[in-house]
């Protein structure tokens, strides 16, 4: 599934920015000077979905049916048919936590993987969810419940303070339809003052094969996230929206890359798994292990990664 992880490193807000959409745009995307934070003009956005939004809803419904027919978008978390060893876990963690999938070139984001440093949250993560006015009460209740349960699970897995909030929070999840997302610029600039034009375009001009995305902000370029914004298409059927919630929130915690070698995992664009797996839980445990520190390089962290992977699987690397 082509979700995008946009990682806000230092920039966009005074330093760098990072993008991720089922893929990841790496740090080093330079932001523009801070601009005034305009108030959102929600009154200009239709509350009834346009024909384009309706067509997208039909398209994504057919995508989900096709994936399920092929046995993809699994929700079982992985089992005996997909074993993984300590060596595999260590290899996958390094690829997913220490590389960015996207880079900026010529004012565009391109799929070019580059090495990065470990980035995660050190301060408490306060997650909120906001919906476009076109999103039905039924969808809102479904997504809020799924996100709330998922946030509790992530807190248990990582041992990090992660919780829901009814306020703005520092990790905002937006569920928007096509019309609302195209008009999202003022709200995006309000929430993320100084965000670059490149990053705004990544959200507003999201192509059809990008299902959702997340920004993570590291304003001091020290490997510590202080803000994240995820955008999810409301046109998706329930399972695909939940799948986006699982991957984008996890990527916004610091697992910003994908790898074709990772299995069973949502950090793999093959769509086999739709929800966070047991393998992915271990990746998050590794990311928030106290033996690793923000801004570590892969070379610095590799011996520690191998040790943690051995402990988590009971095997050896």
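Residues of the range 179-186 include at least one that is at pLDDT 95 or above, touching a strand residue (DSSP E or B) at 6+ places or on another chain (Cβ under 8 Å), part of a helix (DSSP H, G or I) and closer than 22 Å to residue 50 by Cα. Taking the criterion of being touching a helix residue (DSSP H, G or I) at 6+ places or on another chain (Cβ under 9 Å) and either modelled with pLDDT of 95 or more or over 21 Å from residue 168 (Cα atoms) (or both), no residue of the range 189-201 qualifies. For the range 132-140, does any single residue satisfy the condition of being out of contact with any strand residue (DSSP E or B) (no Cβ under 8 Å at 6 or more places or on another chain), in a helix (DSSP H, G or I), modelled with pLDDT of 95 or more and under 14 Å from residue 241 (Cα atoms)? The answer is yes; a qualifying residue exists. Taking the range 252-267 as the range and being modelled with pLDDT of 95 or more and within 13 Å of the chain's Cα centre (by Cα) as the test, the residues that pass are 252, 253, 254, 255, 266, 267.
With respect to the conditions (1) over 27 Å from residue 92 (Cβ atoms); (2) touching a strand residue (DSSP E or B) at 6+ places or on another chain (Cβ under 8 Å); (3) surrounded by fewer than 21 Cβ atoms within 10 Å (Cβ to Cβ), residue 237 falls short on a single one, namely (2). Within the range 292-315, can one find any residue that is out of contact with any strand residue (DSSP E or B) (no Cβ under 9 Å at 6 or more places or on another chain) and within 21 Å of residue 175 (Cα to Cα)? No, there is no match, as no residue in the range 292-315 is out of contact with any strand residue (DSSP E or B) (no Cβ under 9 Å at 6 or more places or on another chain) and within 21 Å of residue 175 (Cα to Cα). Of 185, 168, all but one fail to be touching a helix residue (DSSP H, G or I) at 6+ places or on another chain (Cβ under 9 Å) and surrounded by fewer than 14 Cβ atoms within 10 Å (Cβ to Cβ); the exception is 168. Only one of 20, 103, 35 is outside any helix (DSSP H, G or I), at pLDDT below 95 and surrounded by fewer than 14 Cβ atoms within 10 Å (Cβ to Cβ); which? The match here is 35. Of everything listed in (1) buried (at least 24 other Cβ atoms within 10 Å of the Cβ); (2) over 16 Å from the mean Cα position of the chain (by Cα); (3) modelled with pLDDT of 95 or more, the single unmet condition for residue 229 is (2). Taken together, the residues in the range 185-204 that are within 18 Å of the chain's Cα centre (by Cα) and under 20 Å from residue 133 (Cα atoms) amount to 4. If you check 204, 266 for being in contact with a helix residue (DSSP H, G or I) (Cβ under 6 Å, 6 or more places away or on another chain) and buried (at least 24 other Cβ atoms within 10 Å of the Cβ), only one passes: 266. Hey, any hits in the range 304-316 for a residue that's touching a helix residue (DSSP H, G or I) at 6+ places or on another chain (Cβ under 8 Å), farther than 21 Å from residue 114 by Cα, surrounded by 24 or more Cβ atoms within 10 Å (Cβ to Cβ) and modelled with pLDDT of 95 or more? Yes, the range 304-316 contains at least one residue that is touching a helix residue (DSSP H, G or I) at 6+ places or on another chain (Cβ under 8 Å), farther than 21 Å from residue 114 by Cα, surrounded by 24 or more Cβ atoms within 10 Å (Cβ to Cβ) and modelled with pLDDT of 95 or more. For residue 150, the conditions (1) farther than 30 Å from residue 312 by Cβ; (2) under 16 Å from the mean Cα position of the chain (by Cα); (3) in a helix (DSSP H, G or I) all hold with the exception of (1).
The values are calculated or read from the model by the stated rules, or taken from the named source; none is laboratory data. Model, not experiment: these values are computed from the prediction. Methodologically, a virtual Cβ is constructed for each residue, glycine included, from the backbone with ideal geometry; neighbour enumeration extends over all protein chains shown.
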